[in-house]
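Below is one structure, written out as structure tokens, with a few remarks after it.
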Amino acid sequence: MMNVFAANDLEAADLLALAQYDDGAPTAVTPPPAGDGQGRPSRDAPGWQPGGGVSRVVSLRPELTDDTRLALARERFLIAEPVEPGLVRDTIMASWWRCREWHVAADRVDLSYVRDPDRGTLLARVALPVLQSVRESLEGEPVSVVLSDGGGVVLSRLTAGHDLERHLDGVQLAPGFSYAEEFVGTNGIGTALESGQAAHVFGHEHYAGQLGDLAGAGVPVRHPISGQVIGAVGLTCWRRDAGRLLIALAQSTADRVTQALRNDSSAREVRLLQEYLRACRHTGGIVFALTGDLVLMNDRARDVLDPGDQAALLGHAAGVLAGDHRGAVDVGLPTGASARMYCRSLRGQGRRRLGGGVVHVRLLELASRPAAGGGAGSLARRFGRGLAGSGPLWLRGCHQVDAACASGAWLWLAGEPGTGKLALLRAVHRRRNPAGAFHVLDAADADDHRWMVRALGEVLEGEGGLVIRHIDRLAAVRLQALGIALEQALAAGRQQALWVAVTLSQNPASGHLAGLLKFFPSAVELPPLRHHIEDLHKLVPFFLAKLSRHSPLTCSPQAMQLLLRSNWPGNTEQLWQILRRIVQRRRTGTIHPADLPPECWSVSRRLLSPLEAMQRDAIVQSLLDHQGNKAKGARSLGMSRATIYRKIHQYGIITPAS
């Protein structure tokens with residue numbers, strides 16, 4: 001019933017796709033739909049998307065109920081099958097795609113726990129009475145009223161009904177657990193926070209199957225002064241009891257919370273805003289304003305400063321404002337730069353201190369760790385905010401890609417998996433052509449022949465920037481078809497309207513791939529992370545600032561030393577995933593060696609097999625449990641001392657200090 005095309009038609013379909021563009025215009029393809037045939041909303045409309053005459057998505061049986069059709073659509077999405085257009089709402093489909101990119105588990109809900117979520121914030125203090133009032137008005141109804149902070153961590157849950165209470169405990173929708181979309185997938189609270197607008201999710205629209213019996217609506221709550229999202233209000237009930245009024249009730253509850261925040265906004269915050277705006281008008285430089293629960297930062301600070309430097313300055317400023325220090329304060333920054341801060345505390349009548357204040361920052365010369373080409377801050381200014389690092393090999397690759405884009409030369413970019421090839425191409429394109437479209441195609445998805453239709457359409461008719469990832473994974477027949485299209489595009493002078501770049505893992509020796517790359521006169525190879533390991537000093541705070549936007553998190557020198565000793569066979573992508581897992585467990589404070597996963601306690605030049613990784617992790621955990629005592633660790637694992645010594649050497653395990 002759900003066959004899309006016959007497997008033995010793949011090559012014929014590829015040749016048909018090429019023939020349709022032989023004269024430079026499609027002749028046998030029906031107009032492309034708004035999506036790509038998998039339900040993904042078109043991000044760069046009209047764009048080229050898989051179209052009609054080559055393949056079709058068979059509609060689910062019309063006699064099925066809407067709920068069953070939605071459940072089947074979700075299953076098809078999870079196994080990368082096409083989804084019938086229009087069956088899943090665009091907002092839900094967009095969320096599903098984000099969940100897939102984040103590798104969110106669809107078969108379980110297993111979240112990290114924050115033992116003491118901060119209930120002393122302005123949001124919690126003001127919102128809880130409102131939520132209690134709403135809960136009382138719903139007396140007897142199986143509806144849960146939930147409050148989360150800006151990171152999705154549940155601060156409070158007010159529930160009626162024993163069965164619903166028990167079910168919510170089972171799916172960890174409880175205080176201390178984060179329901180951010182990147183951790184639990186599509187849900188009312190997390191999707192509202194991610195999208196910045198009200199969201200409702202019913203039944204099988206949830207990405208995680210365990211949430212399929214529930215319905216939820218969430219509305220983000222913004223600070224009345226800064227406009228920043230500081231939390232969300234959510235209503236959750238059984239799917240069978242849900243109605244369209246659920247979102248209306250959630251919206252009215254959030255409006256009441258916002259009004260309460262506005263009424264509670266103290267003279268201190270109003271005064272802080274006035275002083276901040278005055279400083280921005282008169283200095284024109286880097287300006288911060290902060291209190292215990294509010295931070296304001298001007299565009300100059302965001303554009304010039306590396307995220308790690310931003311966090312460092314805010315931490316120093318909070319300490320200065322909490323004391324009674326007067327005059328300038330010089331601060332060394334993680335990127336190696338230094339800055340001079342001028343802090344002015346807020347004062348009320350009688351010179352009474354109100355807490356918080358305004359900070360003006362002036363950057364000084366680079367200090368102890370000067371880097372060729374400038375630090376991470378200068379890299380961000382040159383290429384955008386999506387990059388960090390100042391190692392010479394990394395900077396050379398950045399400059400080479402930027403030069404190719406500036407000249408319009410088509411480019412092939414090589415490098416080990418996870419080295420940041422796509423991030424660099426995206427940043428450079430945004431710098432050189434900020435208003436131009438930027439399309440990404442992954443050859444890993446080319447098993448579906450409709451991928452080829454879109455690739456040929458982009459090459460022959462697209463504009464802006466086109467990146468084809470993992471080009472070395474394309475089969476020979478597809479490489480030939482793509483090569484013919486590239487040759488036609490160059491003959492037509494399309495390089496004036498379209499910049500094409502392809503990525504691959506290693507330099508090609510010969511064959512069809514080498515023949516294809518002759519159409520790309522520029523070639524750049526990005527270094528693996530182990531060849532610019534010094535950039536960890538910039539990458540770690542840069543990634544932590546992105547992962548813990550609402551709660552500053554720093555890395556201790558001891559933990560950084562462990563990270564610097566790793567060979568990072570998975571490169572920056574491996575570092576990102578490790579820090580992402582750490583942030584799920586520790587959302588504030590400082591990362592210590594004990595917070596690092598076992599893979600950070602070993603020095604390996606290759607990615608271990610799953611069995612080897614399990615064995616390494618068990619040994620590392622045993623050594624941590626026994627303060628580095630190898631004999632005790634061996635006994636706890638049931639192995640001899642000789643075996644554990646051999647495994648420690650084999651996996652390059654760093655023994656914890658006794």
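Set side by side, the residues R157, R98 differ, and just one is of a type in the set (K, R) and surrounded by fewer than 20 Cβ atoms within 10 Å (Cβ to Cβ), which is R98. Considering segment 530-625, the qualifying helices (runs of 4 or more DSSP H), each wholly inside and each with 3 or more residues that are at pLDDT below 80, run over 610-625. Scanning segment 107-123 for residues that are surrounded by 20 or more Cβ atoms within 10 Å (Cβ to Cβ) and modelled with pLDDT of 85 or more yields a count of 2. Residues of segment 484-511 that are assigned to a helix (DSSP H, G or I), in contact (Cβ under 8 Å) with a residue 24 or more places away in the chain and open to solvent by 10 Å² or more (accessible area, probe 1.4 Å): I484, E487, Q488, L490, R494, Q495, Q496. Taking segment 335-454 as the region of interest, the strands (runs of 3 or more DSSP E) fully inside it that hold 1 or more residues being modelled with pLDDT under 85 are 337-347, 353-366. Scoring R278 on the criteria (1) at pLDDT below 90; (2) within 23 Å of L128 (Cβ to Cβ); (3) open to solvent by 50 Å² or more (accessible area, probe 1.4 Å) leaves a single failure, condition (2). Taken residue by residue, segment 94-104 has at least one member that is in contact (Cβ under 8 Å) with a residue 40 or more places away in the chain and touching a strand residue (DSSP E or B) at 6+ places or on another chain (Cβ under 6 Å). Inside segment 160-172, residues that are within 27 Å of the chain's Cα centre (by Cα), within 22 Å of V219 (Cβ to Cβ) and open to solvent by 10 Å² or more (accessible area, probe 1.4 Å) make up a count of 1. Pairs are defined by a Cβ separation below 6 Å, a sequence spacing of at least 6 or placement on different chains, a first member in segment 442-470 that is on the phi > 0 side of the Ramachandran plot and in contact (Cβ under 8 Å) with a residue 12 or more places away in the chain, and a second member that is open to solvent by less than 10 Å² (accessible area, probe 1.4 Å) and of a type in the set (A, V, I, L, M); the pairs so defined are H470/A443.
The condition of being among the hydrophobic types (A, V, I, L, M, F, W, C) and in contact with a helix residue (DSSP H, G or I) (Cβ under 8 Å, 6 or more places away or on another chain) holds for only one of L272, L277, L235, L246, that being L235. Taken over segment 512-543, the criterion of being farther than 20 Å from T419 by Cβ and open to solvent by less than 50 Å² (accessible area, probe 1.4 Å) is satisfied by A514, G515, L516, F519.
Would you please name the residue that is surrounded by the fewest Cβ atoms within 10 Å (Cβ to Cβ), looking only at residues in segment 382-436 that are among the polar types (S, T, N, Q), closer than 23 Å to K538 by Cβ and over 18 Å from the mean Cα position of the chain (by Cα)? Among them, the one singled out is Q400.
The values are calculated or read from the model by the stated rules, or taken from the named source; none is laboratory data. Please read these numbers as outputs of a predicted model, since none were measured by experiment. Reconstructed Cβ throughout: ideal geometry from the backbone, glycine too, with neighbour counts over all protein chains shown. Surface areas here come from the heavy atoms of the whole protein model, side chains and all, with no ligands, DNA or RNA. Shrake-Rupley method; radii C 1.70, N 1.55, O 1.52, S 1.80 Å.
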